[in-house]
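First up is the structure itself, then whatever we jot down about it.
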Amino acid sequence: MAVLTASDLRKGLKLEIDGEPYIIVDFEFSKPGKGQALYRCRLKNMITGSQFDRTYRSGDKFNSADLEEQEYQFLYKQDNSYHFMNTSNYEQIELSTDTVGDAVNFLTENLVVSILLFEGRPIGISLPNFVTLRVVQSDPGIKGDTAAGTTKPATLETGFVIQVPLFVEQDETLKIDTRTGTYVERVK
Amino acid sequence: MRASVLQSIRGFFQEKGFLEVQTPTRTLAPAPESHIEPIPLLEGGCLITSPELHMKRLLAAGYEKIFQICTVFRRGERGHRHHPEFTLLEWYRLHSDQAALQEDCEGLLQFVCRAVHRESGWKYGGNWLDVNAPWEKWTVQEAFLRYAGHDPLTQWNQDTFEEVLVQKVEPNLGFPAPCFLTHYPAFQAALAKMSAHDSSTCERFELYWAAIELANGFSELTDAMEQRRRFESVLKEREKADLPLYAMPEKFLKSLEVLKPCAGIALGVDRLVMLLADAPSLDDVVAFPPAFT
């Protein structure tokens with residue numbers, strides 16, 4: 001674990017504080033008159049998401065957070081846990097619903113995702129920007145009904161419901177942007 | 001905007017009978033400072049963090065009113081309000097004290113604002129600024145009592161002074177007109193003279209506008225012995241903290257022996273341009289912002 005000093009502090013840096021990983025989401029260097037430098041940080045807990053402000057000064061030392069991202073393949077869901085397999089060493093891990101979070105809307109078997117590990121413990125998951133998912137249910141669009149807008153709801157294989165154009169039909173496969181949770185296009 | 005500000009600064013000082021000077025950018029013996037890090041040079045010495053020592057040597061040689069606009073270098077300073085190299089305006093008056101400098105500040109900023117058509121006010125970051133509104137003057141003690149609820153002189157705490165200043169006091173200073181923060185605690189004197197009637201404060205002041213520190217001025221300490229003691233104590237502090245040590249500025253100390261009472265001030269030109277241009281960051285007012293290292 002690398003030891004950092006106050007002059008290393010900047011936005012995006014990840015630190016370990018009281019055994020938990022934090023990321024600096026806001027940072028301001030200030031230095032009044034002939035006084036000592038102050039490093040004002042807004043820190044976000046990378047597990048709980050809670051934020052707080054703290055001011056550090058030159059001379060303060062920190063540990064960098066022991067974080068690592070590895071590729072995992074989604075295997076299956078059992079009760080409230082999600083099982084993944086490391087694509088390089090085939091080790092399997094289990095993630096809770098809380099850790100998986102909104103990613104659950106886009107998880108299908110065999111999807112390869114990045115999992116963020118803090119001291120070897122999984123704390124977060126990042127999806128590919130785009131995934132393809134099948135439509136399991138969507139009512140036919142009503143032509144000419146422009147007053148109701150030009151989209152209709154469609155239920156995807158994960159159970160997630162999105163708005164799609166009227167021409168989308170059941171059993172079609174769609175490309176979805178996981179960052180916004182929106183329809184991109186049909187996939188043949 | 002930058003060009004007009006620079007031209008008008010020169011115009012103001014010429015009108016006031018100041019001589020523009022140039023002093024070295026490299027030095028072997030910078031003023032020992034606890035919290036300012038020079039950028040060292042391969043051949044020894046460092047880049048100046050301020051032209052102060054050289055300019056005071058010119059005063060000691062008899063120049064009465066001098067000013068300089070130059071680039072200075074401070075290692076590791078990088079933020080919205082800090083660049084590791086920036087443009088500093090310094091001016092000095094022989095046979096004078098900080099009151100004259102404060103008058104200069106008012107005259108200068110009014111002059112510059114007229115030159116860039118800001119004399120009837122403008123908005124900086126949503127706040128109304130007006131150089132012609134009444135300028136406030138607060139002592140550090142008054143400002144702390146009002147905004148932080150304690151007296152920094154009787155309840156002195158080196159560790160929290162700057163933090164409280166930055167977080168509680170500074171955000172309130174300099175609306176709509178600039179404001180002086182005066183009577184700094186003696187511990188924060190650096191190269192300033194002690195107050196004549198009060199040993200707990202010194203004749204140092206800062207100029208704030210829109211919560212931004214623009215300038216730091218003082219009635220200069222001209223007691224060579226006292227200045228040497230202060231330098232020695234800073235050098236000891238630096239040695240303890242394992243910071244780079246530079247030579248004692250002997251030539252400067254020698255010049256203090258003949259230096260008459262005088263006063264000097266340093267003003268951050270980039271910050272002034274930033275305010276006048278309603279720019280949120282220094283990066284917006286320099287052509288080539290430095291990298292975050």
- Given the conditions (1) away from chain A (no Cβ under 14 Å); (2) under 22 Å from the mean Cα position of the chain (by Cα); (3) hydroxyl-bearing (Ser, Thr, Tyr), and given that B:Ser120 satisfies all but one, which numbered condition is not satisfied? (2)
- Does any residue of the stretch A:15-33 turn out to be of a type outside the set (S, T, N, Q) and out of contact with any strand residue (DSSP E or B) (no Cβ under 9 Å at 6 or more places or on another chain)? yes
- Kindly indicate whether any position in the stretch B:212-228 is hydrophobic (A, V, I, L, M, F, W, C), modelled with pLDDT under 95 and surrounded by 19 or more Cβ atoms within 10 Å (Cβ to Cβ). yes
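Can you work out which of the residues in the stretch A:57-69 that are buried (at least 17 other Cβ atoms within 10 Å of the Cβ) and more than 8 Å from chain B (Cβ to nearest Cβ) is farthest from B:Pro38 (Cα to Cα)?
Applying the first criterion (buried (at least 17 other Cβ atoms within 10 Å of the Cβ)) to the stretch A:57-69 yields A:58, A:62, A:65.
Then keep just the ones that are more than 8 Å from chain B (Cβ to nearest Cβ); that gives A:62, A:65.
On the way: A:Phe62: 24, A:Ala65: 31 Å.
For the stretch A:57-69, the residue satisfying everything is A:Ala65.
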- If you go through the stretch A:1-36 one residue at a time, how many are away from chain B (no Cβ under 11 Å) and in a strand (DSSP E or B)? 13
- Item | Residues (facing chain A (nearest Cβ under 10 Å), farther than 22 Å from B:Gly107 by Cα and part of a strand (DSSP E or B)) located in the stretch B:178-194 | B:Tyr184, B:Ala192
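Residues A:Leu116, A:Leu107, A:Leu133, A:Leu95: which one is over 29 Å from A:Glu20 (Cα atoms) and surrounded by 15 or more Cβ atoms within 10 Å (Cβ to Cβ)? So that I can check it myself, show each step before the final result.
Numbers: A:Leu116 fails: over 29 Å from A:Glu20 (Cα atoms); A:Leu107 fails: over 29 Å from A:Glu20 (Cα atoms); A:Leu95 fails: over 29 Å from A:Glu20 (Cα atoms).
None of the other options fit; the residue is A:Leu133.
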- Message: Checking the condition surrounded by 18 or more Cβ atoms within 10 Å (Cβ to Cβ), in contact with a helix residue (DSSP H, G or I) (Cβ under 9 Å, 6 or more places away or on another chain) and assigned to a strand (DSSP E or B), which residue from A:Tyr72, A:Tyr39 passes?
- Response: A:Tyr39
- Every listed condition ((1) surrounded by 17 or more Cβ atoms within 10 Å (Cβ to Cβ); (2) of a type in the set (A, V, I, L, M, F, W, C); (3) not in a helix (DSSP H, G or I)) holds for B:Cys105 save (3)
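The values are calculated or read from the model by the stated rules, or taken from the named source; none is laboratory data. What you are looking at is a predicted structure, and each value in this text was computed from that prediction instead of being measured. Neighbour counts run over all protein chains shown; Cβ positions are idealised from the backbone, glycine included.
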